[in-house]
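Report on the structure given below.
The values are calculated or read from the model by the stated rules, or taken from the named source; none is laboratory data. Please read these numbers as outputs of a predicted model, since none were measured by experiment. Quick reminder, even Gly has a Cβ in these numbers, built from the backbone with ideal geometry, and neighbours come from all protein chains shown.
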């Protein structure tokens, strides 16, 4: 490792440190504002913020009535950005999402020309509600928007607003009238987040607060420009080499065709492993967690914290594993338990210890 690289990892300018502090404070403020409307679900809210600060997209899965839609719409209000909701249905067409060209007549000259009318995807925060209720043809209309931040209609490309996030929801229990998202499209989402039932105390608060006449408003915390600045800061947060090696070993351990590095305990549980995007999102998410907590470096603990939402939709279990009730989360648990923090090949020299945040 060169001295220049070491310097980049250990030095932050005063402006960057000040921005780091402001982002950490803003994160706390957003949590506080959301808690006015959303009871509990702290981990889900944090994962949404990590995805946004990492310039990623999120897929939320949970049974109906767990405030998934309300959570996303309230978060959009806190972020002071354009918000659009697309209700996915079996008869929804791709043009209903991306927009379409219409013939417009100039009343003065009588001439006619095609004009593009933006679809609901042209917003900073797009809620794709019940995305598994629409056929694959319409689901695929989101692929270019999510990956390239643009849509192509005819021969013309139209740029989407910046920043741009897709926060999609789906229900796991309903079968009739639903279309499972293909693995290739699920891979476009940084996180797959499970929204669980609230605890007894949380559900009591929900029942009490939502059956009263009082309405609650939330304050705007961050603008679109603030989000873009934070995204740039996240990219500049250093990741120590041993953390990168750990993320690599964790992801490569899901690829059963690899000759080395795959624990025996998971070889019979997986039929398909995670791709390179998993490593990228593990590291970006770890950086975002560091920024949200006001730290100047990502750690292995950060990688472990987000391993489940990053990996659960990128690995596929075998039929025997499914029949035995083994889920992808169970496999991730085994990997975290068995993959060591350090390896002889990636130990950090003692001279660099001051450049990293301690575990």
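Within the option set 166, 121, being within 26 Å of residue 229 (Cα to Cα) and touching a strand residue (DSSP E or B) at 6+ places or on another chain (Cβ under 6 Å) holds for one residue only, 166. Counting only residues that are surrounded by fewer than 16 Cβ atoms within 10 Å (Cβ to Cβ) and part of a helix (DSSP H, G or I), which one in the stretch 252-276 is modelled with the highest pLDDT? Here the answer is 276. When the stretch 243-275 is filtered for residues that are in contact (Cβ under 8 Å) with a residue 40 or more places away in the chain and in contact with a strand residue (DSSP E or B) (Cβ under 9 Å, 6 or more places away or on another chain), the ones remaining, listed by number, are 254, 269, 270, 271, 272, 273. Assess whether residue 312 counts as being within 14 Å of the chain's Cα centre (by Cα), under 29 Å from residue 172 (Cβ atoms) and crowded, with 19+ Cβ neighbours inside 10 Å. In short, yes.
Quick check: anything in the stretch 14-25 under 30 Å from residue 237 (Cα atoms) and within 20 Å of the chain's Cα centre (by Cα)? Yes, the conditions are met somewhere in the stretch 14-25.
Can you pull out the helices (runs of 4 or more DSSP H) entirely within the stretch 26-132 that have at least 3 residues that are in contact (Cβ under 8 Å) with a residue 24 or more places away in the chain and either assigned by TED's automatic domain parsing to the domain that holds residue 279 or more than 25 Å from residue 151 (Cβ to Cβ) (or both)? Outline the logic, then answer.
Working: elements: 42-53, 68-78, 95-98.
Ranges flagged: 42-53, 68-78.
When you scan the stretch 329-340, do you find a residue that is at pLDDT below 90 and not in a helix (DSSP H, G or I), even just one? Yes, the stretch 329-340 contains a residue that is at pLDDT below 90 and not in a helix (DSSP H, G or I).
Of all residues in the stretch 319-334, which are out of contact with any helix residue (DSSP H, G or I) (no Cβ under 6 Å at 6 or more places or on another chain) and surrounded by 18 or more Cβ atoms within 10 Å (Cβ to Cβ)? Outline the logic, then answer.
As a first pass, look at the stretch 319-334 and keep what is out of contact with any helix residue (DSSP H, G or I) (no Cβ under 6 Å at 6 or more places or on another chain): 319-328, 330, 333.
Within the stretch 319-334, 321, 326, 328 qualify.
Quick one: which residue in 97, 52 is modelled with pLDDT of 90 or more and in contact with a helix residue (DSSP H, G or I) (Cβ under 6 Å, 6 or more places away or on another chain)? Steps first, please.
Details: 52 fails: in contact with a helix residue (DSSP H, G or I) (Cβ under 6 Å, 6 or more places away or on another chain).
From the options 97, 52, the qualifying one is 97.
The strands (runs of 3 or more DSSP E) located wholly in the stretch 143-236 that include 3 or more residues which are exposed (fewer than 12 other Cβ atoms within 10 Å of the Cβ) and at negative phi occupy 156-159.
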